[in-house]
Amino acid sequence: MKKPREQRIAMKLAVRIWGMDAAGRLFGVDAHTIDITPVGARIEGPVASLQRGAVIGIRCGRSHARFRVVWIGQPGTKRQGQIGVRCVDLGKYIWGVALERKMDETSNRVSEIPVDAALSN
């Protein structure tokens, strides 16, 4: 059975990514999130030299954590230049956006929404 994915929240946040690329060279680049979850994000930027499984550092504002690259957008597609990452530092949350738990009425799953969005409903 496929593990349920966390709900993604569209959120463009400036981030700094650093680590070691596929050729073994240190790098540091500026990028931004496309969407976030409590444990990961989809990021867009100059990330072509990364491989799936690589552990990288990501800073968002004053917070930072280690993340594993779990997905890479295929060249020639609209997702080229994007990566999916999942935090490997247990309990660490760096996005700086408060999320509130909300029950999905159709599937009885708990999902996350930004607190600001919850207050506007």
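Full-extension gain between F27 and R79, please, as 0.36 nm times their residue separation minus the C-alpha to C-alpha distance.
16.6 nm
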Check your understanding: Between V97 and R66, what is the FRET efficiency for a Förster distance of 22 Å, r being their Cβ-Cβ separation, to the nearest 0.05?
Key -> 0.65
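Can you bin the range 1-67 into rounded, prolate or oblate? Criterion: square roots of the alpha carbon gyration tensor eigenvalues sorted a ≥ b ≥ c, rounded for a/c under 1.5, prolate for a/b above b/c, oblate for the rest. The partial results should precede the final answer.
On the way: a/c = 2.02, a/b = 1.34, b/c = 1.50.
Oblate.
Could you give the length gained by full extension between R52 and D35, i.e. 0.36 nm per residue of separation minus their alpha carbon distance, to one decimal place? Walk me through the intermediate numbers first.
Working: separation 17, 0.36 × 17 = 6.12 nm, distance 1.87 nm.
That pair, R52 and D35, stretches by 4.3 nm at full extension.
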Review point. In nanometres, what is the gap between the two model label sites at D89 and R8, each 7 Å from Cα along Cα-to-Cβ?
Key: 2.4 nm
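Each value in this text was obtained by applying a stated rule to the coordinates, not by laboratory testing. The structure presented is a predicted model; accordingly, all values stated were derived computationally and were not measured. Positions of Cβ are generated from backbone atoms using ideal geometry, with glycine treated the same way; all protein chains shown enter the neighbour counts.
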